[in-house]
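The values are calculated or read from the model by the stated rules, or taken from the named source; none is laboratory data. Only a predicted model underlies this, so the values are computations on that prediction, with no experimental measurement involved. Here the Cβ is made from the backbone with ideal geometry for all residues, glycine too, and neighbour counts use every protein chain on show. Side chains included, ligands, DNA and RNA excluded: accessible areas come from the protein's heavy atoms. Shrake-Rupley method; radii C 1.70, N 1.55, O 1.52, S 1.80 Å.
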Amino acid sequence: MTKRIKIMGPNMKTIIRLMTAVALPLGLLFSAESFATARLQKVDTVNQGNANTQLRFFFDSAVSTPSSFVMTSPNLVVLDFNDAESGLGVRKKLIRSPYVKSIRTAKGGGKLRVMVALNQQAQHQTRVSGAQVFVTFSRAGAQNNQAAVLNRTGPAVRQQAVSQRAQAGN
């Protein structure tokens with residue numbers, strides 16, 4: 001006759017159930033999907049005369065600089081925000097500005113994609129400040145005013161000439 005040995009008694013089962021009840025929610029809390037995701041709260045536009053249009057994106061927490069690419073047909077600038085989602089309530093928002101026609105949002109692969117439809121080809125610059133992202137659109141081919149003034153006055157050419165004279169003297 002063999003004797004059975006009880007490995008788990010009623011108290012051990014209770015302890016295991018209690019540990020499972022505590023560990024399961026903690027596991028979900030710390031899983032990769034549940035980490036804080038920045039939520040896009042608001043988008044607005046600042047028209048800076050006919051020279052520039054600035055799109056301002058307001059998130060509920062800090063975001064990193066989005067990756068971006070440009071499409072020419074149709075004229076689009078696409079911004080990809082990692083670990084972000086839209087809280088706008090609408091997928092498409094119409095914008096009235098010299099450069100920006102509308103924005104559309106889509107979520108997938110853990111990122112928020114913002115597609116900015118343009119009225120015309122434009123250059124863009126992106127700047128992040130905490131939970132705010134500023135995308136400034138300007139005329140395609142436009143140069144920074146300060147760089148344009150320097151190029152017209154030619155200090156780089158003068159500097160080069162001085163440098164050549166200095167080398168000839170050595």
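Observations on the structure shown:
- Where a residue in the range 119-139 is open to solvent by less than 50 Å² (accessible area, probe 1.4 Å) and its partner, wherever it lies, is in a strand (DSSP E or B) and among the basic types (K, R), with Cβ under 7 Å and at least six apart: A122/R139; F134/R56; F134/R127
- Single residue of V100, V90 found to be loosely packed, with under 12 Cβ neighbours inside 10 Å, more than 12 Å from the chain's Cα centre (by Cα) and of a type in the set (A, V, I, L, M): V90
- Answer residue from the range 49-76, given it is assigned to a strand (DSSP E or B) and touching a residue at least 60 places away in the same chain (Cβ under 8 Å) and is surrounded by the most Cβ atoms within 10 Å (Cβ to Cβ) among those: F57
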